[in-house]
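The values are calculated or read from the model by the stated rules, or taken from the named source; none is laboratory data. Predicted, not measured: the structure shown is a model, and the values here were computed from it. Neighbour counts run over all protein chains shown; Cβ positions are idealised from the backbone, glycine included.
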Amino acid sequence: MSKLNLLGARVPITRRALFQLLSAAISHRLAQAETKGTPRPARRLVLITIGGIRRQESFSQAGVVHVPHLFNDLLPQSLFYPFTANEGVTSHFNTISSILTGVWQHVDDWGSEKPSNPTLFHYLQRQKHASPNQTWVVTSNKQLTANISPGVNVILAKQLMIEAVERIIMGQTSRQQLERQQILAEMTAVLETDYERIGWGVPSTSSFQDPQVKQMFVAALADFIHGANAPTSGDELTYLTAKEVIKRIAPAMLMVNFSDMEVAHSGSYSLHLGGIHRADELCHRMWQFIQSDPELAATTTLVIMNEFGRDPDGSSTNGFFNHRTDTECCRMAWSMVLGAAVKKPAIVEREIRQVDMAPSIGSWMGLKVDRGSGSGLPEINV
Amino acid sequence: MSEAVPEFAKDLIGRLPRTFGPALKDQFQQWDLLFPAEQRSLRAQLHWLDELPRDRFQTLFAPIIAIEGKMELPDWQPGTVGLSVHDSGLLARSPLYPKWRVEVEKVFTEVDDAVEKSGVLPRPPRFLLCVLPAGVPLTSQPLWPELAKHGAWTKLDVPFGQMLPPLAEALAERKPIAGLEPIESTWVLECETKLSPLAETSTATVLSWAVLAGARREFSSKLNSIRRDLHSVDETNEELRRIDMRKLLSEPVASEPRVREFVRTLLLSGNGSLIFDNSFIQWGSNEALRRVQPQVMLSCFGIRQKIKPFSGSVLFEDQKRSNPTPDQDDPAGSLVDALMLSEYVYLGSERVTPYREHTLTLMAAADLNRVLMLGPKSMPAVPVSFNAAQLTAFTLDWLRSAR
């Protein structure tokens with residue numbers, strides 16, 4: 001087992017020991033926090049960001065076939081901004097940080113740096129004194145790390161599965177095959193022992209250290225692995241995890257990221273389209289889930305944004321594989337707002353910017369996003 | 001035999017914008033591993049720049065140098081060769097990167113146009129063939145609807161799959177054209193091994209996804225061991241750049257240094273070339289068109305296997321190794337992939353000057369008894385239908401024609 005040197009201590013400490021040490025410390029603090037009680041939030045935000053999807057595979061005459069739920073079921077009840085420009089770096093970490101902060105970010109694409117401005121989560125924590133339990137990120141994307149918003153619960157759900165599968169493949173475990181039961185056992189083992197490496201960060205005091213919440217997560221994993229139709233998708237796991245967080249904790253702010261369509265980087269167009277279809281379906285399921293609970297339905301705004309498009313066919317960057325060009329095809333995304341913050345469903349044809357969403361939704365939540373550079377969207381309730 | 005890198009070019013580096021230095025030095029250092037077309041093109045570009053009056057030279061690069069002055073650039077030392085992943089990331093996330101890219105493209109367009117007008121580079125007629133594999137459901141969707149607007153469908157007396165072996169053989173064994181080296185004659189990228197014997201009997205270069213299985217496994221295994229930090233990525237890339245490819249490849253690819261290095265670069269350059277057979281064919285073909293510029297390029301797509309449960313999230317892995325679920329072909333998905341990727345091969349050829357307006361392109365499917373033909377306006381009239389001998393003769397005549 002690999003070893004760490006804790007804060008320069010001369011005696012090496014194993015990850016398991018470190019985990020236990022941290023758990024004990026956090027449990028103690030949580031116990032103190034729980035006695036104060038946490039009020040139920042009056043307004044909740046669920047923000048779904050989706051990886052790169054071009055207009056030609058989504059909101060266009062030829063593309064709507066790939067997003068039937070977004071187009072037919074959600075768009076008519078939403079505020080829809082079909083022209084939402086990404087004027088920043090068209091990489092995952094920078095785009096999602098820009099959406100969350102309301103400022104174009106130019107930090108390391110690989111998530112080794114935190115955003116250089118506060119995120120919506122931080123505004124909520126500081127201005128509304130929300131506890132860490134009220135702020136959650138559940139993401140599929142490999143490039144997102146806990147740095148996306150320090151001080152917030154960040155679950156890299158797909159990473160957990162990837163880690164378990166990789167450990168089996170690389171022979172780092174006694175388990176040998178990618179069969180359901182072996183993967184579940186490995187995921188549970190990773191969850192228990194390999195806290196450092198799997199990258200699902202719990203950088204602050206967090207209920208995730210609560211054994212009950214962890215048990216909930218393991219149970220959710222078991223449901224996923226043994227569920228019908230042999231689920232193969234990381235985004236389905238992300239959805240399931242996010243749904244569990246809402247069901248059990250109903251936090252004030254949850255960001256979910258879907259990224260199955262990013263298989264495009266490996267060049268399978270059919271699997272890329274499959275990822276788009278899956279994201280479309282999972283967004284719809286999330287909306288239905290929120291609507292199925294009267295309290296959630298009354299208090300929650302669901303915002304769905306694709307991070308960017310992808311490169312045009314025939315570009316020197318290999319078209320749909322990548323998202324690097326300074327083209328409309330790559331930079332022009334869309335946004336959809338559903339639920340409590342919507343004054344009146346409408347298609348807003350003027351161009352907006354992704355950084356406009358944080359101050360707008362922030363205002364609806366009673367937050368002043370004073371370091372954001374975006375403009376407020378008047379169609380959103382304040 | 002290739003000439004060495006010209007001396008004046010080494011002095012020129014100091015006058016160019018800072019961002020050009022590391023990549024250019026990398027090309028000079030690997031000069032012997034560049035293909036003849038790359039050497040000719042680079043030499044012509046550098047020669048044109050060297051001859052440019054000082055004031056025009058400064059005017060040409062002034063916008064890039066001005067942008068560089070405002071960018072946070074990596075701390076390159078005078079001897080820095082090539083760009084690390086970290087360097088590339090730093091450039092790409094700069095707020096000025098899009099402007100820098102636009103200016104760089106403008107400069108290259110001006111240089112390339114000038115070199116083209118000078119007429120120093122050979123521009124023979126060329127042939128590109130993309131073939132969809134047998135067994136895909138061809139009637140499930142229209143075939144290349146966008147390309148079909150610019151070409152014409154021609155009937156064949158038998159399905160194209162039957163015509164391919166004799167056509168490929170005739171192309172591979174044709175008399176080489178003056179001014180091109182044998183390595184620039186014919187390149188074949190295939191998923192299977194049907195055309196691989198051509199490499200033994202002709203000057204054709206054949207890269208087969210199946211034959212390269214050992215090399216792919218080795219690269220995948222190393223890339224799977226990368227820790228999630230940039231240093232580890234650079235370290236692993238460096239290790240794979242040093243690995244002895246001769247042990248991983250079979251003859252004749254193993255003994256031709258330029259092809260050997262082409263394969264290494266291809267497998268390291270992403271774009272799915274290690275993961276999916278059809279991505280390997282597309283990206284390999286486009287890289288060959290850009291770098292080697294062969295007179296004849298044959299790109300034969302294949303059938304991808306279905307992604308097994310749980311393998312979908314770990315695409316660097318050879319899913320046969322650890323997953324007990326039996327392999328299953330995905331003909332429907334393979335058709336969707338191959339249609340798009342074969343179109344990308346064609347679009348890629350259109351971006352490379354020697355192919356634009358000089359190339360006869362055939363888009364074919366092994367099970368289909370018609371082909372889509374695309375070519376320049378000056379292409380001879382295409383008959384209503386072909387048999388195998390007629391198609392071969394038409395193609396060979398095209399390649400011999402004076403353009």
Quick one: how many residues across segment A:75-102 are buried (at least 22 other Cβ atoms within 10 Å of the Cβ) and more than 14 Å from A:ILE148 (Cβ to Cβ)? 10
Pick from A:ARG324, A:ARG310, A:ARG353, A:ARG331: which is touching a strand residue (DSSP E or B) at 6+ places or on another chain (Cβ under 7 Å), within 14 Å of chain B (Cβ to nearest Cβ) and closer than 28 Å to A:SER116 by Cβ? A:ARG331
Since A:ASN133 meets every condition but one in (1) more than 22 Å from A:PRO39 (Cβ to Cβ); (2) polar (S, T, N, Q); (3) more than 9 Å from every other protein chain (Cβ to nearest Cβ); (4) out of contact with any strand residue (DSSP E or B) (no Cβ under 6 Å at 6 or more places or on another chain), which condition does it not meet? (1)
Selection count where residues are more than 9 Å from every other protein chain (Cβ to nearest Cβ) and either among the basic types (Lys, Arg) or under 20 Å from B:LYS99 (Cα atoms) (or both), scope segment A:104-119: 1
If you go through A:ARG310, A:ARG331, A:ARG285, the only one that is among the basic types (Lys, Arg) and farther than 26 Å from B:ASN271 by Cα is A:ARG285
Meets criteria (within 25 Å of B:ILE303 (Cβ to Cβ) and surrounded by fewer than 22 Cβ atoms within 10 Å (Cβ to Cβ)) for B:ALA366: yes
For B:ASP55, are the conditions met, namely being surrounded by 13 or more Cβ atoms within 10 Å (Cβ to Cβ) and not β-branched (Val, Ile, Thr)? no
Looking at (1) surrounded by fewer than 20 Cβ atoms within 10 Å (Cβ to Cβ); (2) among the small types (Gly, Ala, Ser); (3) within 14 Å of chain B (Cβ to nearest Cβ), can you tell me which one A:SER60 breaks? (3)
Which of (1) part of a helix (DSSP H, G or I); (2) modelled with pLDDT of 75 or more; (3) out of contact with any helix residue (DSSP H, G or I) (no Cβ under 6 Å at 6 or more places or on another chain) does A:GLU166 not meet, given it meets every other one? (2)
Neighbours by Cβ (under 6 Å, 6+ apart or cross-chain): first from segment B:330-347, more than 13 Å from B:LYS306 (Cα to Cα); second crowded, with 24+ Cβ neighbours inside 10 Å and among the aliphatic types (A, V, I, L, M): B:ALA338/B:LEU132
Any hit, segment A:235-246, residues being closer than 30 Å to A:ARG43 by Cβ, in contact with a Ser or Thr (Cβ under 7 Å, 6 or more places away or on another chain), modelled with pLDDT under 90 and facing chain B (nearest Cβ under 10 Å): yes
